[in-house]
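Engineer: Input: one structure, supplied below.
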Amino acid sequence: MNAEFEELIRLYSALEESGPDKQAANLAVFEAAIKAAAEKYPALSALRISAYVKRQWHLRVLAEDRRKSLPKQRS
Amino acid sequence: MAGLEATLAPTVPRFTPNPHQDVEDLVRLLLRQSGEFERRKKLISAAVTWINAFSQFKHLRRQIGLPDNDLQALGYGMLLANLKSRGKGLLQLIGRGILDPSELPLSVEDLEACVRELQQDDILLDSGLLRNEEKLEDVAAIFGGT
């Protein structure tokens, strides 16, 4: 994963983790970042980038939750 | 609610020499005002319920993840469509002046953004991009993949 992608993930995380009272600000920033990425990589559509970011974020969250729920091993 | 009560306190009918008529006018006015008050209270309550439902939807999605098979996609899509249409309904009520946004715990901009995110997710779902079968290899090739 490159830094550019990590930034998109961070912005989506902010959108998902904050309450609806921050929705307009967070969504605007995320949309702007996706649009900028799509302009930088014309072969990719904003829709596909957005879908990829969302899917990767949800996969990470699930993996992290699963990791946390595993019983801690004794050393 | 103070603002709502204040706006619902227009002029009390003037007293006339006919006490029966005065009482009748007053009762009519009170009934009209209480009906209006109840209607507005219900609208605000519906809006608050929707905002809570939106938050719960995101919370649940965080816990469960995006849909992974046809059945999950169907349920997710139904929930998404329902929330989206009701959210749009609220925005229409605000646009028509029926629901006063100053009485809501969320700004109109935030409410619009909530509905916009649901619309975007609906498009992603309809285009199959949220499902794992769609590999999105072109995007992964540039941004890296897990």
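Engineer: With springs only between Cα atoms under 10 Å apart, run a GNM on chain A and tell me which of A:ALA24, A:ALA51, A:ALA32 wobbles the most.
Structural biologist: A:ALA24
Engineer: Now for a different question. With each label point set 7 Å from Cα along the Cα-Cβ vector, what nm distance links B:GLN56 and B:PHE37?
Structural biologist: Each label point lies 7 Å from its Cα, and together they span 2.9 nm.
Engineer: If you take the beta carbon distance between A:SER45 and B:GLU109 as r and set R0 to 25 Å, what does 1/(1 + (r/R0)^6) give as a FRET efficiency, to the nearest 0.05? It would help to have the intermediate numbers written out before the result.
Structural biologist: Details: r = 26 Å, r/R0 = 1.05.
Calculated transfer efficiency: 0.45.
Engineer: Taking a ≥ b ≥ c as the square roots of the Cα gyration tensor eigenvalues, with a/c under 1.5 meaning rounded and otherwise prolate when a/b beats b/c, else oblate, which class fits segment B:87-129?
Structural biologist: It is prolate, given that a/c is not under 1.5 and a/b is the larger ratio.
Engineer: Sticking with this structure for a sec: Shape verdict for the protein assembly as shown, please, from the Cα gyration tensor: rounded (a/c under 1.5), prolate (a/b greater than b/c) or oblate.
Structural biologist: Working: a/c = 3.18, a/b = 2.61, b/c = 1.22.
Verdict is prolate for the protein assembly as shown.
Engineer: Chain A: which GluC sites (Glu not before Pro) are DSSP loop and have at most 12 other beta-carbon atoms within 10 angstrom?
Structural biologist: Working: sites: A:GLU4, A:GLU6, A:GLU7, A:GLU16, A:GLU17, A:GLU31, A:GLU39, A:GLU64; in loops: none.
Sites meeting the loop and neighbour criteria: none at all.
Engineer: How long, wide and thick is chain B, going by the Cα atoms along their three principal axes, in whole angstroms, largest first?
Structural biologist: Sorted largest first, the three principal extents are 86, 28, 24 Å.
Engineer: Something else now. Just from its helices, what would the mean residue ellipticity at 222 nm be for chain B, if runs of 4 or more DSSP H residues each count -39500 (n - 2.57) and the sum is divided by every residue, rounded to the nearest 500 deg cm²/dmol?
Structural biologist: Taking each H run of at least 4 residues, the total per residue is -24500 deg cm²/dmol.
Engineer: Run a plain Debye calculation on chain A (Cα atoms as equal point scatterers, no solvent) and give log10 I(q)/I(0) at q = 0.12 Å⁻¹, rounded to two decimals, same order as the q list.
Structural biologist: Cα-only, vacuum Debye calculation for chain A: -0.40.
Engineer: Please determine, in degrees from 0 to 90 and to the nearest 10, the orientation of helix B:108-126 with respect to the longest principal axis defined by the Cα atoms of chain B, where the helix direction is its Cα long axis.
Structural biologist: On a 0 to 90 degree scale, this one is about 40.
Engineer: Run the reach check for A:LYS35 against lysines, Cα to Cα strictly under 16 Å, same-chain hits fewer than 8 apart removed. What comes back?
Structural biologist: Cα-Cα hits under 16 Å: A:LYS54.
Engineer: How far is the Cα center of segment B:19-58 from the Cα center of segment A:39-58, in Å?
Structural biologist: Comparing the Cα centres of segment B:19-58 and segment A:39-58, I get a distance of 45 Å.
Engineer: Could I ask something else about it? Would you mind computing, in nm to one decimal, how far apart the modelled labels at B:ASP100 and B:LEU74 are, each placed 7 Å from Cα along Cα→Cβ?
Structural biologist: Distance between label points: 4.6 nm.
Engineer: Sequence-distant or interchain residues sharing an amide H contact under 5 Å with B:LEU99, placed H: which?
Structural biologist: B:ILE94
FYI, it's all coordinate maths here, none of it is from the lab. Note that the coordinates shown come from a computational prediction; the quantities given were computed from them, not determined experimentally. Positions of Cβ are generated from backbone atoms using ideal geometry, with glycine treated the same way; all protein chains shown enter the neighbour counts.
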